[in-house]
Amino acid sequence: MKNFDIYKIDGYILKTFLIILEESSVSKAAIRLNVTQSAVSYALARLRGVFKDPLFVRSGQGLTPTETAISLKDPIHGVLDEIMSLTDQRPFDPHAEDMYFTVAANDLQRELIFPILWREAHSENIRLRLEFIPSGVPSISLLRDARCQLILTPFPPEAPDIFQRRLVTGDMMCFYDASMRNAPSSWEEYINAEHISVRFVGGYDTNEALRGIDLSEIREPSIIVSNFNAIPSFVKGSELISTELNAMHIGPLRDLSMAPLPFKSEKVSLYLVWHERSNNDPAHKWMRHRIELIAGDISKKMDQVFKPLM
């Protein structure tokens with residue numbers, strides 16, 4: 001490392017390195033960076049020259065990091081965090097910047113917030129690019145490893161370097177096809193009904209959002225899907241029921257009938273989550289503010305639509 005030349009590397013090349021490390025693939029890294037494979041290969045070649053190490057070797061269908069590459073992960077994260085901190089006090093005009101955010105969210109959070117946000121930004125001539133990755137039950141590493149800048153989730157990870165803010169709070173409700181059945185009117189009818197449920201990566205089932213309920217009495221779901229958008233096609237024309245947050249009725253489950261559960265259940269909240277490195281970045285603050293404004297409007301709409309049902 002005697003011939004290390006710091007002036008041959010920059011923030012973009014370091015970010016490219018981290019994404020190759022995450023994806024184990026030049027082609028996948030190029031897709032995430034929205035550049036050509038040759039651009040990623042060129043950046044990797046520069047890094048190999050600087051560190052005098054291959055960094056990645058081909059293994060099967062992907063790339064395996066060398067010991068040097070593994071040892072560089074945390075220091076490079078630290079360098080990029082320091083670079084980002086330099087921008088905290090910069091003059092910021094959303095119309096003068098190209099903003100790009102990777103957001104970890106399941107389909108409910110994605111559809112509730114971001115179509116509105118993108119349309120508003122587009123109408124204001126703000127150059128905003130969004131990429132979404134599934135959050136499942138999100139881990140702290142999603143933010144610590146900079147795989148995303150924001151998480152929207154009902155299951156916020158907690159740690160000293162993680163910030164969170166409650167966006168929307170609602171009730172769990174029963175979704176069904178009113179042309180095929182009535183909503184369950186008792187606990188017995190509910191536990192004996194056939195259920196469809198969403199199961200996230202990590203094994204968390206949406207029925208587990210029913211706090212204080214003995215879930216062992218509920219029948220195992222007849223159908224388990226990986227996202228909320230899949231629910232309506234199964235429920236329509238069947239006697240299946242799905243237990244989900246009431247916000248679904250202005251989101252993916254808008255075409256289904258909805259009724260209160262025939263028992264008491266705790267409210268469920270959706271949270272906005274981010275890493276401390278982004279807390280003072282003006283573009284990130286702008287994005288969080290816009291998300292909170294839209295979430296506030298959604299909360300008002302939920303109150304108008306759902307209070308008569310309760």
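The values are calculated or read from the model by the stated rules, or taken from the named source; none is laboratory data. Quick caveat: nothing in here was measured; it's all calculated off a predicted structure. Positions of Cβ are generated from backbone atoms using ideal geometry, with glycine treated the same way; all protein chains shown enter the neighbour counts.
Summary of computed values
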{"read-out": "Close pairs from the stretch 72-84: first within 11 Å of Gly11 (Cα to Cα), partner surrounded by 14 or more Cβ atoms within 10 Å (Cβ to Cβ) and among the aromatic types (Phe, Trp, Tyr), Cβ under 8 Å, at least 6 apart", "value": "Ile76/Phe17"}
{"read-out": "Test: residue in the stretch 186-207 that is on the phi > 0 side of the Ramachandran plot, in a loop (DSSP other than H, G, I, E, B) and not assigned by TED's automatic domain parsing to the domain that holds Val235", "value": "no"}
{"read-out": "Test for Arg58: is it modelled with pLDDT of 85 or more, of a type in the set (Lys, Arg) and either in contact with a Phe, Trp or Tyr (Cβ under 9 Å, 6 or more places away or on another chain) or within 30 Å of Ser299 (Cβ to Cβ) (or both)", "value": "no"}
{"read-out": "Residue count for the stretch 23-37, restricted to those that are within 16 Å of Leu130 (Cα to Cα) and assigned to a loop (DSSP other than H, G, I, E, B)", "value": "2"}
{"read-out": "Single unsatisfied condition, Ser185 versus (1) modelled with pLDDT under 90; (2) exposed (fewer than 15 other Cβ atoms within 10 Å of the Cβ); (3) under 23 Å from Ile223 (Cα atoms)", "value": "(1)"}
{"read-out": "Criterion violated by Leu210 - all others in (1) within 29 Å of Phe132 (Cβ to Cβ); (2) of a type in the set (A, V, I, L, M, F, W, C); (3) at pLDDT 90 or above satisfied", "value": "(3)"}
{"read-out": "Residue within the stretch 267-285 that is surrounded by 20 or more Cβ atoms within 10 Å (Cβ to Cβ), modelled with pLDDT of 90 or more, in a loop (DSSP other than H, G, I, E, B) and not β-branched (Val, Ile, Thr) present", "value": "no"}
{"read-out": "From Met248, Met180, residue being touching a residue at least 24 places away in the same chain (Cβ under 8 Å) and in a loop (DSSP other than H, G, I, E, B)", "value": "Met180"}
{"read-out": "Verdict on Val201 being under 26 Å from Gln109 (Cβ atoms) and surrounded by fewer than 15 Cβ atoms within 10 Å (Cβ to Cβ)", "value": "yes"}
